[in-house]
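Enquirer: Mind having a look at this structure? Questions to follow.
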Amino acid sequence: MWHCTSCKSTCGADVPLPLETAEPYKRADLTPLHNPFPTTNRLNSQSLADQWFHTPSVKHTITVPATVVLGAQWGDEGKGKAIDQLAPQSTWAVRFQGGNNAGHTIVVGDTTLKLHQIPSGVTSRNCNLVLGDGMVIDPWVLDEELSRWEDLTGEKPEGERLFISERASVILPFHKYYDSADKVVGTTGRGIGPAYRDRIERVGIRFTDIEEVLSDSSIIEDTVLRMNKQLQTVGYDKEIQPSELSSQLQWILDRFGSAIKPTGLMVDLALRNGETVLLEGAQGALLDIDQGTYPFVTSSVVGRANATHGAGIHPGHITECFGITKAYCTRVGNGPFPSELSLEEGPGQHMAQVGHEFGTTTGRPRRTGWLDIIALKEAHRISGYSGLVVTKLDVLGGLDEIKICIGYELDGNPISHFPTRASDVERCIAVYETHPGFPALADEDWIDMAERSRKDGTGYDAMPGEVKNIVDRIEALSGIPVVSVGVGPDRRASIAKVGGPFDIVWDEATF
Ligand code: GDP
Ligand code: IMO
Ligand code: MG
């Protein structure tokens with residue numbers, strides 16, 4: 001029996017477990033009774049837990065709307081733009097893994113937002129934001145991001161509509177010092193791998209742990225001892241002092257205490273109430289720790305299977321899972337890339353220059369190459385996309401011909417899958433099919449085309465024939481329905497499948 005603190009008068013002091021409803025889920029029944037957001041954030045964790053406990057579970061045979069947006073390549077596919085486009089229809093946007101290695105860009109008119117940890121749904125004021133259980137979070141970077149948002153809009157969302165999971169791990173300066181020793185992977189140097197390593201070793205500090213750690217000087221001393229020993233092993237000459245760690249943790253508590261919540265409960269409760277949740281992926285499928293080009297990968301599971309887990313809800317909630325792919329490929333950092341082109345000349349240079357291919361987080365030049373269907377199918381195998389968003393098709397304008405990698409040759413043998421060993425992938429020679437190119441257009445002309453496609457309801461038919469052919473071919477080769485085509489960085493520069501999930505009308509260019 002659980003003791004109920006919020007409903008004593010109506011349900012008695014003790015509540016039997018489990019509290020499941022036998023009745024089918026009816027949104028209309030539940031909404032007026034349990035629609036606590038955004039006021040829930042002002043409740044304490046106990047009353048939130050009680051409210052969650054008393055809200056009937058949705059029957060598992062009935063799907064409820066959690067939509068996942070994932071990178072289907074090596075990152076930087078345009079996830080931020082897709083989330084920004086979907087957010088007006090959503091009450092929650094949740095980051096579920098990674099940290100500030102991510103850089104998600106949103107362009108609305110003259111304003112460009114680069115977000116590293118704040119979910120890209122921030123642009124819709126009615127969208128609650130969660131930095132979820134599966135994340136590693138740099139509080140100082142979050143502080144900077146929030147200041148930039150406040151400067152731009154005057155809003156302070158933390159504790160009001162932006163919440164940090166109690167279960168998320170803290171990235172400390174130590175993790176960055178340690179990450180700076182990486183010479184192999186070409187990490188972003190943001191401390192992501194070391195923070196996840198601490199979590200796996202079960203010595204990391206989660207946001208929920210901060211208070212406890214601060215109250216016990218022996219934990220602080222042991223932690224600092226361990227950190228300093230590890231820094232020595234990588235030749236880092238700085239020593240961390242216990243007082244330094246204490247004051248850093250105290251600052252985090254002072255700055256973010258009101259925003260640290262049991263966010264899994266909040267998101268689950270929202271779904272029970274018929275609200276809609278966007279799960280925002282970071283990195284891309286080929287950077288996945290288990291399924292990517294190991295060891296040239298990031299430190300978390302980036303696919304659909306971790307989207308709900310890292311948000312603290314169950315996988316049955318997912319209704320849609322969108323894979324985002326560029327019409328070509330890019331990769332930042334080291335590791336194999338079979339369809340890679342030269343950055344010094346030809347189409348690879350064109351992609352880099354026209355597509356402004358520089359890392360959003362580190363500013364490093366991104367490596368470029370033709371679209372790789374084998375890699376895309378690998379991503380689809382892992383995450384099962386219900387729809388594909390093809391971005392940056394505009395960037396290919398002006399090339400004489402456009403190639404798509406449809407297979408590899410490995411040591412003289414044709415193969416049509418992604419080898420497991422990075423050294424094998426490195427030796428793969430891409431096999432291409434070639435399509436006629438199409439003329440370059442100015443950004444404004446692409447936006448006009450996209451606006452026309454919405455206004456006239458023509459969708460993909462608004463595209464010139466040779467542009468549409470590329471989209472049709474990507475759909476046919478990948479076997480994934482294309483739901484939206486990106487033709488520029490701006491929010492409006494997308495041509496959506498008529499009646500599809502991205503067929504949305506924006507009233508004005510605003511946050
Ligand atoms: P994310 O990490 O997946 O969110 O992607 P990034 O923001 O790191 O990188 C994508 C870059 O491409 C950003 O600069 C976007 O503004 C830009 N972008 C997104 N979609 C399009 C598109 O359809 N066309 C063009 N030209 N740029 C795009
Ligand atoms: P978004 O979310 C592109 C790459 C790094 C490096 C490898 C490991 O913007 O798509 P890490 O710092 O994670 O340990 O680095 O992964 N990488 C990304 N590349 N976009 C990202 O995020 C990335 N996050 C990590 O360049 O090769
Ligand atoms: Mg990015």
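Please treat every number below as a calculation from the coordinates, not as lab data. As the structure is a prediction and not an experimental result, all values here were calculated from the model. Cβ sites come from the backbone with ideal geometry, for glycine too, and all protein chains shown count toward neighbours.
Enquirer: Take the alpha-carbon centre of the range 471-511, take the same for the range 185-208, and report the distance between them in whole Å.
Expert: That distance is 35 Å.
Enquirer: Return TRP251, TRP446, TRP140 ranked ascending by Cβ neighbour count within 10 Å, so the fewest neighbours appear first.
Expert: TRP251, TRP140, TRP446
Enquirer: Another question, then. Separation between the LYS229 and GLU211 pseudo-spin-labels, each 7 Å from Cα along Cα→Cβ, expressed in nm?
Expert: With each label point 7 Å from Cα toward Cβ, the separation is 3.1 nm.
Enquirer: Rounded to the nearest 500 deg cm²/dmol, what is the calculated helix-only ellipticity per residue at 222 nm for the chain, with -39500 (n - 2.57) per DSSP H run of length n ≥ 4?
Expert: That comes out to -9000 deg cm²/dmol.
Enquirer: Hand me the tally of lysine pairs in the range 173-275: alpha carbons under 24 angstrom apart, and the pair either on different chains or 8 or more positions apart.
Expert: 5
Enquirer: Moving to a separate point now. Roughly speaking, what is the stretch gain from GLN250 to ALA476, that is 0.36 nm per residue apart minus the C-alpha to C-alpha distance, in nm to one decimal?
Expert: This chain segment gains 75.9 nm when fully extended.
Enquirer: DSSP loop (so not H, G, I, E, B), at most 16 other Cβ within 10 Å: list which trypsin sites (Lys or Arg not before Pro) in the range 394-433 pass both filters.
Expert: ARG421
Enquirer: Using Cα centres only, tell me the gap between the range 118-138 and the range 141-180 in whole Å.
Expert: Using only Cα atoms to place each centre, the spacing works out to 10 Å.
Enquirer: Which of the three applies to the range 322-437, rounded, prolate or oblate, going by the alpha-carbon gyration tensor with a ≥ b ≥ c and a/c under 1.5 meaning rounded?
Expert: rounded
Enquirer: Given H placed on each backbone N at 1.01 Å, which residues far from LEU129 in sequence or on other chains put an amide H within less than 5 Å of it?
Expert: For LEU129, the qualifying residues are ALA93, LEU162, PHE163.
Enquirer: Taking H placed 1.01 Å from N in the peptide plane, check which residues at least 5 places from VAL431 or on another chain put their amide H under 5 Å from its amide H.
Expert: ILE406, GLY407, TYR408, GLU409
Enquirer: Something else now. Hey, with R₀ at 22 Å, roughly what FRET efficiency would ARG125 and ILE504 work out to, going by the Cβ-Cβ distance, to 0.05?
Expert: Computed FRET efficiency for ARG125 and ILE504 comes out at 0.85.
Enquirer: Taking GluC sites (Glu not before Pro) as candidate sites, keep only those in a DSSP loop with at most 16 other Cβ atoms within 10 Å, then name the longest stretch of the chain containing none of them.
Expert: So the longest stretch without any such site is 346-507.
Enquirer: From the backbone phi of the range 169-180, what are the Karplus-calculated ³J(HN,Hα) couplings (6.51 cos²θ - 1.76 cosθ + 1.60, θ = phi - 60°) in whole Hz, Gly and Pro given as x?
Expert: With the stated coefficients, the range 169-180 comes to 8, 8, 8, 9, x, 3, 5, 6, 4, 5, 5, 5 Hz.
Enquirer: Next question, about the same structure. Under a plain spin-label model, where a point goes 7 Å from the Cα along Cα-to-Cβ, how far apart in nm are THR458 and GLU221?
Expert: The answer from the label model is 7.5 nm.
Enquirer: Counting only DSSP beta bridges with both residues in the chain, what percent are antiparallel, rounded to the nearest 5?
Expert: Among the beta bridges of the chain, antiparallel pairing accounts for roughly 40 percent.
Enquirer: For the range 188-298, what percent of Cα pairs sit more than 23 Å apart?
Expert: Tail fraction, whole percent: 49.
Enquirer: With θ set to phi - 60° and the Karplus curve 6.51 cos²θ - 1.76 cosθ + 1.60, what are the ³J(HN,Hα) couplings of the range 247-253 in order, to the nearest whole Hz, using x for Gly and Pro?
Expert: Running phi through 6.51 cos²θ - 1.76 cosθ + 1.60 with θ = phi - 60° gives 6, 5, 5, 4, 4, 4, 5 Hz.
Enquirer: Also, quick follow-up: Tell me which trypsin sites (Lys or Arg not before Pro) from the range 126-226 have a DSSP coil assignment and no more than 10 other beta carbons within 10 Å of their own.
Expert: LYS183, ARG202
Enquirer: When a footprinting reagent is the concern and you count Cβ atoms within 10 Å, what order do TRP92, TRP149 take, fewest first?
Expert: TRP149, TRP92
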